[in-house]
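Participant: Before we start, here is the structure in question, set down as structure tokens.
The values are calculated or read from the model by the stated rules, or taken from the named source; none is laboratory data. Keep in mind that what you see is a predicted model, and the values were worked out from it rather than measured. Cβ placement follows ideal geometry from the backbone for every residue including glycine, while neighbour counts extend to all protein chains displayed. Heads up: the accessible areas ignore ligands, DNA and RNA and are worked out on the full protein's heavy atoms, side chains in. Shrake-Rupley method; radii C 1.70, N 1.55, O 1.52, S 1.80 Å.
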Amino acid sequence: MMSYENKVIHIVGSVDIGSGTGEFLYVNPATAAASQSATAGAAPPANQPPQGTGFELVVEAADGKELSRVRPTILLPSDDHASKTGLIDQNVSYAEGMARLVLLHDGKVVNTFEAGSPEPTVAARSQGLEMGAGPPGHPEKRSMSMAAPDEPGVSYTIQVRPDGEKTWQTIAVGQKSPKVVLDRNQFPTAERATVRVLRSTGFDDSIIAEDEMDLRFKE
């Protein structure tokens, strides 16, 4: 869906700098802004600890070959100086053949992300979006979902484009299943909108459903 030239992989993870543990929360392809693409996947600054120490992200091919390595930025809560739990929010450059992410701490494997299957299941290819009831007491909301099995390494993004607009608005990302609650108050001037579901393997994504929805369900 995007050219390789401006494609990056957006990685979000949680780490504990005290115990040296961590995990990947979600991994999705994204388009880099000009300011990000120049540094995504770059070598760490000279004042950083040497390679092989601290937390590192390694991009590997299916055969285990290392394609790139980056020391991620770790964000710690600004209001809790004693906290040891931090958030990784990092872009790495897309590399042809990338199949795996490895989170290291002092050279030891902490967590691994394996890309999902590039081919959606028959159920994911053949089913469209279905609209259901919203939460009790909220007539302005409706649930939306589609049939899709739980697949390792696969997540879903749901986007909405109101009639008359060109830009897609992301309302859910990193979902394990294509389910979301649509709130028509997010689009107060629109009567209809197009909703689409993107299936992500972590490194690539594809549109598996796209339907037009009537947003006047409150009436």
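Participant: Within the stretch 56-97, track down each residue that is open to solvent by less than 20 Å² (accessible area, probe 1.4 Å), not in a loop (DSSP other than H, G, I, E, B) and not small (Gly, Ala, Ser).
Facilitator: Glu56, Leu57, Val58, Val59, Val70, Ile88, Val92 - these are the residues of the stretch 56-97 that are open to solvent by less than 20 Å² (accessible area, probe 1.4 Å), not in a loop (DSSP other than H, G, I, E, B) and not small (Gly, Ala, Ser).
Participant: Where the second residue is hydroxyl-bearing (Ser, Thr, Tyr) and open to solvent by 60 Å² or more (accessible area, probe 1.4 Å) and the first is assigned to a strand (DSSP E or B) and lies in the stretch 171-182, which pairs have Cβ atoms under 6 Å and are six or more apart or on separate chains?
Facilitator: Gly174/Tyr26
Participant: Consider the stretch 111-138. How many of its residues are in a loop (DSSP other than H, G, I, E, B), modelled with pLDDT of 90 or more and touching an Asp or Glu at 6+ places or on another chain (Cβ under 7 Å)?
Facilitator: 1
Participant: Considering only the stretch 139-151, I want to know if a residue exists there that is assigned to a strand (DSSP E or B) and closer than 15 Å to Asn28 by Cβ.
Facilitator: Of the residues in the stretch 139-151, the ones assigned to a strand (DSSP E or B) are 141-145.
With the extra rule that they be closer than 15 Å to Asn28 by Cβ, the set shrinks to none.
The answer is no, given that none of the residues of the stretch 139-151 is assigned to a strand (DSSP E or B) and closer than 15 Å to Asn28 by Cβ.
Participant: Then there's this: List every residue pair whose Cβ atoms sit under 7 Å apart, with the two residues 6 or more apart in sequence or on different chains, where the first one lies in the stretch 134-146 and is surrounded by 17 or more Cβ atoms within 10 Å (Cβ to Cβ) and the second, anywhere, is among the basic types (Lys, Arg).
Facilitator: Gly134/Lys141; Gly134/Arg142; Ser145/Lys179
Participant: Let me confirm something: among Thr167, Thr189, which residue is out of contact with any Leu (no Cβ under 7 Å at 6 or more places or on another chain), free of Cβ contacts under 8 Å to residues at least 12 places away in the same chain and open to solvent by 70 Å² or more (accessible area, probe 1.4 Å)?
Facilitator: Numbers: Thr189 fails: free of Cβ contacts under 8 Å to residues at least 12 places away in the same chain.
Answer to the check: Thr167.
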